Amino acid sequence: MVKALWAMRTSVIGNDSLMRELQTQGGLLLLLDIIGHAASLCDDQSVAREAQEAALACALAALMGHPHNCRVMLSLGIDQLIDLAGAEDTPEHNRQLIFDILQLLGPYSYVECSNCGKRQPKGRFCVQCGFETGVELARSP
Amino acid sequence: MKILGDLNDTAEHEAKREKIKLDALIDTIKSDEVSTTQRGAAAEMLLEESVTDGLGSMQSKIVDCGGIGALIDMVKVRFFGNVVICCAFCFSRSVMANVCSIAAESETAQRW
């Protein structure tokens, strides 16, 4: 299975049509599932780490130079990737791969207005309704 | 069969054998009559066998025969087995663990 993930990574790297096909066939969702749940799905934790690494490498290959896949990944997996990047039990090499993915997603990030839902690349006020779009930080209880 | 059994092997025979092998792998990937695991394994072998032809050539073979779908299916089966999840939103059945691929795709299509 890990071998199949590496094979997928080799297949898609630098090839637009295979990157698109990977996304249309649900491959990005599958990779996110493996990245997030490898530890609970594999009995052997070393296999889980290898599977997570292969899935991250495959996701990285599917995102490089493909804006559409980056946007899809941003809308589906950004929370999961940020959580994993900050988790203590994430292996260092895998954490580095997550950082690489987050760097690729950076240019496609957006601010969403909590009033009208309009998305814009940056700015403190919504260009559509003028609502303040500042990030709401967690309040102390 | 004559080619495969020829003792006086030449580069031409070798190339023909390779072609037969690759064609057989491509037929397996395209076939509906073999299991998901067999199709995935054939896609893996196709990558290994054609890697010497260069990345571009290997990728065009994978595009032509739908090898990426075979690999995705195999990983799904290996990882999630026969667990089937029913989406509460669109009732689609899927082997995915946390997000329905159909609902996610339609949402993606609307947004982007």
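Just a few scattered comments:
- Residue that is nearest to B:ILE72 (Cα to Cα), among those in region A:1-48 that are in contact (Cβ under 8 Å) with a residue 40 or more places away in the chain and charged (D, E, K, R): A:ARG9
- Test: residue in region A:41-57 that is within 9 Å of chain B (Cβ to nearest Cβ), in a helix (DSSP H, G or I) and modelled with pLDDT under 85: yes
- A:GLY14 closer than 24 Å to A:TYR108 by Cα, surrounded by 16 or more Cβ atoms within 10 Å (Cβ to Cβ) and within 11 Å of chain B (Cβ to nearest Cβ): no
- Scanning region A:97-115 for residues that are at pLDDT 85 or above and surrounded by 13 or more Cβ atoms within 10 Å (Cβ to Cβ) yields A:LEU97, A:ILE98, A:ASP100, A:ILE101, A:LEU102, A:LEU104, A:LEU105.
- Tally, over region A:20-50, of residues that are surrounded by fewer than 24 Cβ atoms within 10 Å (Cβ to Cβ) and more than 14 Å from A:GLN80 (Cβ to Cβ): 16
- Of everything listed in (1) touching a residue at least 24 places away in the same chain (Cβ under 8 Å); (2) surrounded by fewer than 18 Cβ atoms within 10 Å (Cβ to Cβ); (3) within 10 Å of chain B (Cβ to nearest Cβ), the single unmet condition for A:GLY65 is (3).
- Among the candidates A:ALA62, A:ALA48, residue that is closer than 14 Å to B:PHE79 by Cα and not β-branched (Val, Ile, Thr): A:ALA48
- Extreme residue, farthest from the chain's Cα centre (by Cα), among residues of region A:25-40 that are within 8 Å of chain B (Cβ to nearest Cβ) and in a helix (DSSP H, G or I): A:HIS37
- Note on region A:86-130: among residues that are small (Gly, Ala, Ser) and not in a loop (DSSP other than H, G, I, E, B), the one that is farthest from the chain's Cα centre (by Cα) is A:GLY86.
- Qualifying residue in region B:23-32 (condition: at pLDDT below 80 and either exposed (fewer than 15 other Cβ atoms within 10 Å of the Cβ) or of a type in the set (Val, Ile, Thr) (or both)): yes
- Some residue of region B:76-89 being under 24 Å from A:HIS68 (Cα atoms), within 19 Å of the chain's Cα centre (by Cα) and at pLDDT 80 or above: yes
The values are calculated or read from the model by the stated rules, or taken from the named source; none is laboratory data. Keep in mind that this is a model prediction, so the values were computed, not measured. Don't worry about glycine lacking a Cβ; one is built from the backbone with ideal geometry, like all the others, and counts go over all protein chains shown.
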